[in-house]
Every structure is written in C-alpha cells, then in structure tokens.
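Throughout, read-outs are computed from the coordinates displayed, never taken from laboratory work. These numbers come from a predicted model, not from an experiment. Quick reminder, even Gly has a Cβ in these numbers, built from the backbone with ideal geometry, and neighbours come from all protein chains shown.
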Amino acid sequence: MIIGIDLGTTNSLVAVWNADTAQLIPNALGKLLTPSVVGLDDNGELIVGDVARERLQTHPQATTALFKRHMGSARETLVGERAYRPEELSALLLRSLKEDAERYLGEPVTEAVISVPAYFSDAQRKATRVAGQLAGLKVEKLINEPTAAALAYGLHHKEEATFLVFDLGGGTFDVSVLELFEGVMEVRASAGDNFLGGEDFDDLLVAHVRAAAHAQPLPTATEGALVQRLRREAQRVRHALGQQPHTTFTVRDGGHEWSLAITQDDLARLYQPLLDRLRAPIERALRDARIKAADLDEVLLVGGTSRMPLVRRLVASLFGRFPAMQLNPDEVVAQGAAIQAALKARHASLEEVVLTDVSPYTLGIETTSSEGQRRIDGLYLPIIERNSVVPVSREQTVYPLDEAQTVVRVRIFQGESRLVSNNIFLGELEVPVPPKKRGEVSVQVRFTYDINGLLEAQVHIPLTGERRTLVIENNPGVLSPEEVAERLQALAALKVHPRDQQVNSLLMARLERLYQESLGDTREHVADLAKQFQYVLERQDERALREARVRLVEQLEYLERRL
C-alpha cells in the first residue's frame, strides 16, 4: 500500500486514494492534523503529536518542535538524554503517521509520496528521503507542495492553464508558477523562503508583547514555560484577529494577570516586514517564468497561514483578483500527495498526468578571472541555472589559468551568489592536463541533474581524451548510508508510548499544564481532577473511563477559558 504524506513544520497529515477520492486519515485521537512535535513521556517512552505538544510548556527539555526547518543540516537537538538529528525527529513523526494509516487501512504500508517545499535544497530533499527510510518507508517520490496542491484542485483535468500557487505554511513559504499543456504539468519557476511562515508571525507578536512588558512585568515562570505560554497565546490572538477587529493578549499565572489590547491595525503594522518579505519570491518566480501576473488563469492559496486576512488581502492586491480558496489550505497538500501516490500505483480511476520539476537552485563551479597582473579568485560560474526543467544536462568550457598548468581542480557549488564563498560547496574533481600555453587546453565541464536530485559532474579534456566523473549523492550535513544504518538501529530500540492510551495521556498532559499555570483554589481543583482521573484509569473499566473523559473534557475547557 502506498500513501501520501504532508510532512509539515507545524502540522502533518497522511492521506490515501480510496474510492476515487483522496481520503485523509485520522490519527489515534481521531484528528486529521498531527502536530509536528516529538517528545518523551515520564516513562521515557516516545510520544508524538498532540500529547507531545501539550508537554512543550511543562517539559521543554523532553520535547521538541520546528525540526523541519533544520532538515539537511547536521544540527542535533537534545530530547531527554539523547541528541537527535532533524532526519530522526522527522522519521519518528513519519513512523507515527505510517502506523495511523496501517491501523485505519488494516494492512501494511510500505511506500509513500512525501511533500516538500518547492524551494527545498538538494540536501534538504535527500534528508527527507532518509527520514522516510528511517521510518520504514520506501519514498517513491518527493512531490513539491505547490504541485501537490495543483493536483488536489484538479487542475490536471484542464486542457491548458497557467497558474500560481502561493503556499504559506507554519514554517516555510513557497511560490510556484505551473503550466498545464497537453497532459503535462510543468513547473515553470519556483521561489520561496525556508524561514518564513506562521511561526515567524507568532515570534514577532511575542517579541512585541515582551517589549511592551517593560512597564508591567510578565508573570513569573520558568523561561521555557513562559515562551511556550506566550507562543500559544500569540497563535490564539493571530487566529482571533482573523475574525474580529480587536482582542486581548492575556497571560495568567495563578492570581497574576498581564494583558495587552491588540487590534487588526496593530497587527498589520507589526507584520508589515514579514508581509514585505512575501513579495520578493512572488516577483522572482514571475520573472523567472517570464510571465505577467495578468496572464495567470488562477492563483491558489495553500498553507494554514494563508488564512490570515492580511495575507489574503496582500495576494488579492498583488494579482488584482481573489485567489482560489475552495479547499482547506491545511489539507490540500496531503490530498495532492495521495493523488500522486495513486498515479505512481497506476490507479485505474486516474488519468495519467506527466509532472515535470525544476532545479530550485543554480549549480555551478568556481572560476578565477585574470586581467593583466590582477586576479580575482572565488567567482561563481553557473552551469545549470535555477528553475531549469529536470532532468537537465548542461556544459560549459573553461581554460587553465596558468602557463604550463598540469592539474585543474573543479570545485562544485550550489547557490545564487556571485562569489562561491556565499554558496554551498558540494564536491570537487582534480583532472590532469598537458602543460601548454594559455588558451591551448580546453576543459569541458558537464552537469547532469536528474529527477531524484542526483548531480553528476563530468570533466573532459578533449586534447587528451581524459574524463573524470563525480556523482554528488551526499551533501554536507546529510547522513551517509553507514550512518543511516546506525541511526535506524538506534530508533528501533526506542520504546513507543501505547497508541491506545494517547487520548488518556493527552488529558493528563493538559491537567499537568493547567496545574502549572494556576494557583490557589484553581490549582487544588486541577489536582483533584487529576487524582480522580488517575483513579478511574487504574480501575481499567473502559465504560467508566469513557464517561470520565467526557466529564473531564468539559471541565478542562471551562478552566482553560478562565485561565
């Protein structure tokens, strides 16, 4: 069985093609959205999703989030007593989604199509594949999130169309221009920002609140707990101001309350720098695609943060039209990934559509310029430019700089800067050349980039017939096959919190958070609720437990409204 997965910065989803439609799969708590949060419970067992998110505030040292932003790097995060790489944390999340799908479908799941931001680099894409492998999945394809959204909207059923996908999620921003012609959906151009999303809007609001708190200090709490409490309230305020003209940012700690009135106009001024950052990738994608905004047939809004009225107004003003918003922006990418999974499985109910992709970054080599006695080293010579349709092969001819030079070193980079020092080094080749006068020996450098993100660099010396080839498979920061095997063994040894106990664990985590947030009579009441619920848990009477859960949820919602 093959599934489609939207591996998100803030939330993740899984879907499957079933009965001629993309069907979203609920998790163990019956929810479609699984928070992209991983942690350990008090017994050292792995927890993922809502339960882990509840413990971000109460157990910050044993819980982590936003790890997708560091995919493709060697950064490690300490969770409990063990350090985890981004691929491992993503793998634990993917494994949970895989198990949700297996429970729902009643059969093993072995393959997946996983969505990635269109602007993800080669290293980030390879790291995502490794995460799938660590989760026990064969990753059949990585599909760009905007392409997945276009599939979900059914644009592949049209004969001809040119459209732009504006994808603003929790952690990343993507914009892609796509063209459909004779059954081929081609990505014309992609641009974006891997560090711009809803989390950044919340961070800006938290910083604003902290700056305003100099005159009246915020409630006393540990830094980790206070940060999570502020972020939780920032998210609530951002959502509330999408529906009403004003609200109050409130932080309570027992009897101490701190509040700040915030209006939609305040939010517009505060968020203006981030809104301005959305413009540049849009303009760049349109420019690279050589298309005007007026020539687009449709603009699609994707990603939960695109729900913000400020964002929708910005898009409408930039394109002179209202964007398409018929589908749930949180769910559309997972639905498209499921459609792509069905296409890979050659499902009979789907018409075949050919999807083409582009290289998100320029690939090139280091060169040196010489004018008389003056030399400038470290210059970048692009060979495959960004937004070239893949698979692609391009060649450039260069020449040894010095007289009687015997070796040419070809250093390979990825990036857009004029100087290689600002780009990402991928690898190098050394090739012997005959010692001749300048200009007599040519060096042909050919790059071939395929749909799986593999770059082959070939250097050919026509004068001698010498050829050297290098395949760039492992970028800096990406695990080697030996390291993958080692991490796989370590993850297999982790104890996983029982799935059938997640609903009870979530309630206990909420009680723990409320206990820490409250004081006095309220704190005593929360402690009593926790003791009563613990007593029912120990009785192991499922009927009594169901009834207790219903009563407890009602009381928790009442208390959370007051806090």
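Looking only at segment 152-192, which residues have a backbone nitrogen under 16 Å from a spot 7 Å from the Cα of Thr356 in the C-beta direction? Those under the cut-off are 160-163, 177-190.
The candidate values are [x] 26.4, 91; [y] 21.9, 67; [z] 24.7, 74; the one derived from this structure for Rg and Dmax of the Cα atoms in Å carries the label [x]. Straight-line cross-link reach from Lys531 at under 12 Å between alpha-carbon atoms covers these aspartates and glutamates, not counting any fewer than eight positions away in the same chain: Glu512. When each of Leu355, Leu379, Leu230, Leu78 is scored by the number of other beta-carbon atoms lying within 10 Å, the sequence from fewest to most is Leu78, Leu379, Leu355, Leu230.
R0 = 25 Å: FRET efficiency of Ala211 with Ala74, Cβ-based, nearest 0.05?
FRET efficiency, Ala211 to Ala74: 0.15.
Once the Cα-Cα distance is subtracted from the 0.36 nm per residue extended length, the Lys292 to Ala83 segment shows a gain of 70.5 nm. I need the shape label for segment 363-472. Rule: rounded when a/c is under 1.5, else prolate if a/b > b/c, else oblate, with a, b, c from the alpha carbon gyration tensor. In terms of gyration-tensor shape, oblate. Rounded to 0.05, the FRET efficiency of the Asp377 and Asp265 pair, given R0 = 56 Å and the Cβ-Cβ distance, is 0.60. For the chain, the relative contact order comes to 15 percent (Cα pairs under 8 Å, sequence separation of at least 6). On full extension, the segment bounded by Asn422 and Ala527 gains 32.3 nm, given 0.36 nm per residue less the C-alpha separation.
Between Lys138 and Glu430, the simple label model (points 7 Å from Cα in the Cβ direction) yields a spacing of 4.1 nm. Once you sort the root eigenvalues of the Cα gyration tensor of segment 247-356 as a ≥ b ≥ c, which label holds: rounded (a/c under 1.5), prolate (a/b larger than b/c) or oblate (the other case)? Because a/c hits 1.5 or more and a/b fails to exceed b/c, segment 247-356 counts as oblate.
The separation of segment 414-438 from segment 58-126, counted between C-alpha centres, amounts to 34 Å.
For the peptides 48-56, 398-406, 16-24, the ranking by packing is 48-56, 16-24, 398-406, with the highest mean count of neighbouring Cβ atoms within 10 Å listed first. If R0 is taken as 35 Å, the Cβ-Cβ distance between Ala345 and Ala485 corresponds to a FRET efficiency of 0.80.
Placing pseudo-labels 7 Å out from each Cα toward the beta carbon at Val553 and Arg313 gives an inter-label distance of 3.7 nm. Peptide packing for 441-450, 86-95 was compared via the average number of neighbouring C-beta atoms within 10 Å per residue; ordered from the highest value, the list is 86-95, 441-450. Taken along the Cα-to-beta-carbon direction at a fixed 7 Å, the label points for Lys31 and Ala493 span 3.2 nm. Summary of packing: across the peptides 532-543, 3-14, 130-141, the per-residue average of other C-beta atoms within 10 Å ranks them, highest first, as 3-14, 130-141, 532-543. Among all the aspartates and glutamates, which ones have a C-alpha under 17 Å from Lys437's C-alpha, if same-chain residues fewer than 8 places away are not counted? Cα-Cα hits under 17 Å: Glu371, Asp402, Glu403. Measure nothing fancy, just the Cα-based angle from helix 520-539's long axis to the longest principal axis of the chain, in degrees from 0 to 90, nearest 10. Helix 520-539 sits at roughly 80 degrees to that axis. Decide, for segment 107-198, between rounded, prolate and oblate: order the square roots of the alpha carbon gyration tensor eigenvalues as a ≥ b ≥ c, take rounded if a/c falls under 1.5, and otherwise choose prolate if a/b is larger than b/c, else oblate. Oblate, since a/c reaches 1.5 and b/c is not below a/b.
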